[in-house]
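Derivation of every value follows stated rules applied to the coordinates shown; laboratory data play no part. Keep in mind that what you see is a predicted model, and the values were worked out from it rather than measured. Please note: Cβ atoms are built from the backbone with ideal geometry, for glycine as well, and neighbour counts cover all protein chains shown.
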C-alpha cells in the first residue's frame, strides 16, 4: 500500500489537471443521457400534411378537421393540383397528403361509400407506418355502422416499406461522418505526439496549405466509400438509384469537406489522440441519433429538432434520400446544398484560424 497510494494520488492529480478528459468522462455521459433520453422517440405525430380538396364542401372540411384532431397530422397547406402534392413532398415541406375527390359530398349525402386518399412519403418506413396507421384509424369509426368512407392509403417511393431502402442510403452519410471525423480529428494531434510537428514548423508551409494537405487526400477516400456503398447496396439490397448520380457526387463534396473541417477543428482543440477520439464520438452520436438516420425527426421534441439542424448529416440525408429514392433535382435540394457549403467553408476557416504552428 505504501507504493500504491502515491501512484493513485498521482493519477487523480493528473486527471484533475486534464480537465477536458475529466469532462468527457463525467459530463459527456450525463449530457448525452439527458439529450437522447428526451429526444429519441419512435411515436411519430404531427406529420406535416397538405390537402387537395376538390369537393370544397362541409363534408370534406369535416374530414380535414377529423384528420387534424387526431394529433397525427398537421395541415400545413391547401394545394390545388396533384403536381403541387408531389412538389411539396419532394421539397420536404410535407410528408403526407389528403386527397378528396369532387364527388365526395354527393356520395356522403346519398349514403353511398365516399372515397378519399391519403398519400404518405414512405421513404421513411417508420414514420410512414405511423402515418398510415393513423389514417386507418380515422376511417375506422366512420365505417363501424356502415361503409361510409373508403380511405385508400398510398405509400410513395417505397411502397413495400422496406427498411433497407431507408437505412442503406443513410449509411453513406453515417460512414463518411465516422471516417472523416475520426481520421482528421487525430491528424494534428498525431503530428504533435510523434514530434513531427516541429519539422513542419521549420518548413515554409503555410497554415492553410498544411490544413488543406491534411484534408484533400481524404476527399478521394470519401468518394471511394460512396461508390463502394452504392454498388454493394444495389447488388445486395436492391437499393433504388432513381436520381442523378453526378448531382449526388457534386453535393457530396460539400458534406465531405464539412466533416473534414469539423475533424480538423477537433484536432486543434485537443492535445492527445485519446481526447480526439472521445470528442469525435461526442459529435458522432448526435449525428446518428438526431439527424434522422435511425429515428424520424418528426417524432423528436422541438429542442432536439433544433439541435439536429446544426448537424451536416441532417441535410446530407435529405440529399441522399431525395436523389436515390425520389429522383429529385437541385431545384428541391438547393437549400440543403447551400447550408452544407456554408458549414464546410466555415469549419475550414475556423480550423485554419485556430491552428498555430507551434508545439505548445
Take the alpha-carbon positions of the stretch 47-156, form their convex hull, and give its projected area averaged over all directions (one quarter of the hull surface) in nm². 6.1
Among 275-281, 189-195, 310-316, what's the highest-first ranking by average C-beta atoms within 10 angstrom per residue? 310-316, 275-281, 189-195
Please arrange 291, 137, 95, 187 by counting, for each residue, the other beta carbons lying within 10 Å of its beta carbon, fewest first. 137, 187, 291, 95
Computed lengthening from residue 238 to residue 91, 0.36 nm per intervening residue step minus Cα-Cα distance: 50.4 nm
By the C-alpha gyration tensor axes a ≥ b ≥ c (rounded if a/c is under 1.5, else prolate when a/b exceeds b/c, else oblate), the shape of the stretch 173-271 is prolate
Order these by the 10 Å Cβ neighbour count, fewest first: 209, 185, 128. 209, 128, 185
Heads up, the stretch 274-360 by the C-alpha gyration tensor (a ≥ b ≥ c square roots of eigenvalues; a/c under 1.5 rounded, else a/b over b/c prolate, else oblate) looks oblate
Pull out a ≥ b ≥ c, the square roots of the eigenvalues of the alpha-carbon gyration tensor of the stretch 163-354, then state rounded if a/c is under 1.5, prolate if not and a/b is larger than b/c, and oblate in the remaining case. prolate
Under a plain spin-label model, where a point goes 7 Å from the Cα along Cα-to-Cβ, how far apart in nm are residue 284 and residue 163? 2.2
Which value in nm describes the separation of the simple spin-label points at residue 175 and residue 206, placed 7 Å from the Cα toward the beta carbon? 3.6
Per the 1/(1 + (r/R0)^6) rule, R0 = 51 Å and r from the Cβ atoms of residue 306 and residue 113, FRET efficiency to 0.05 is 0.70
How long is the gain from residue 152 to residue 354 if the chain were fully straight, where each residue apart is worth 0.36 nm and the alpha carbon distance is subtracted? 67.0 nm
Could you list 156, 306 in order of exposure, starting from the residue whose Cβ has the fewest other Cβ atoms within 10 Å? 306, 156
Rank by packing, highest mean first: peptides 251-261, 81-91, with packing defined as the count of other Cβ atoms within 10 Å averaged across residues. 251-261, 81-91
